[in-house]
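What follows is one structure encoded as structure tokens, with my remarks underneath.
The values are calculated or read from the model by the stated rules, or taken from the named source; none is laboratory data. Keep in mind that what you see is a predicted model, and the values were worked out from it rather than measured. So basically every Cβ, Gly included, is an ideal-geometry build from the backbone, and we count neighbours across all protein chains shown. When the accessible area is computed, the model is the full protein with side chains, heavy atoms only, and any ligands, DNA or RNA have been set aside. Shrake-Rupley method; radii C 1.70, N 1.55, O 1.52, S 1.80 Å.
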Amino acid sequence: MAQLLNGNEVVTPTKADSVLAKESGQRLAAHLGGAGGLRLEVKTDTTSDDLVLPPPAVRLLLHVLTEMGEGNAVTLTPIRAELTTQQAADLLNVSRPHLVKLLDEGVIPGRKVGSHRRVRLTDLLTYKQEFQARRHAVLDQLQSLSQDLDMGY
């Protein structure tokens, strides 16, 4: 099994895993919507146990099964995680030098560990959300302006 630099395991499904994940995901999706979570019975050859999963865990599990069902590798990163500059750049879909510039300018908080920079995932997600909000506001202004000028868009 592969591992990311932050130690998180990357699970790459086999064809058999993908088929099973797709079927399981479809069956699980049919039971979504309960406010109190989902009650599961877990059975092995020798034991049986009841579990109750909270709704966010069920949605996350369904997302994992959907991605695996499509043959995609998946990993789970805790929100408290720190990312390398390359991982952070990949998450934002920007180049690593651009991300480093944002860190140096203080646009995104980060810290140095020796000569390496680290970015908290929470800070990165906050920046991404704020950037998207600013972007949508500018696009709304452009749309309004094009309508005012009757540009036919």
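Some notes on this structure:
- Here the Karplus relation 6.51 cos²θ - 1.76 cosθ + 1.60, evaluated at θ = phi - 60°, turns the backbone of region 98-109 into coupling constants of 5, 4, 4, 4, 4, 5, 5, 7, x, 5, 10, x Hz, with x for every Gly and Pro.
- Cα-based Lys pair tally, the chain, threshold under 23 Å, eight or more apart or on separate chains: 4
- Pairs of C-alpha atoms in region 109-153 farther apart than 15 Å represent 62 percent of all such pairs.
- Highest mean first, the peptides 89-100, 104-115 sorted by other C-beta atoms within 10 Å per residue fall in the order 89-100, 104-115.
- Solvent-accessible area per residue for the chain (1.4 angstrom probe, square angstrom): 73 Å²
- Cβ-Cβ distance of L139 and K15, R₀ of 30 Å, FRET efficiency by 1/(1 + (r/R0)^6): the value works out to about 0.15.
- Across region 86-97, rounded Karplus estimates of 3J(HN,Hα) from the backbone phi angles (6.51 cos²θ - 1.76 cosθ + 1.60, θ = phi - 60°) give 5, 5, 5, 4, 4, 5, 7, 6, 10, 6, 5, x Hz, Gly and Pro being marked x.
- Intensity falloff of region 12-153 expressed as log10 I(q)/I(0), Debye formula with alpha-carbon point scatterers, at q = 0.14, 0.19, 0.20 Å⁻¹: -0.93, -1.08, -1.12
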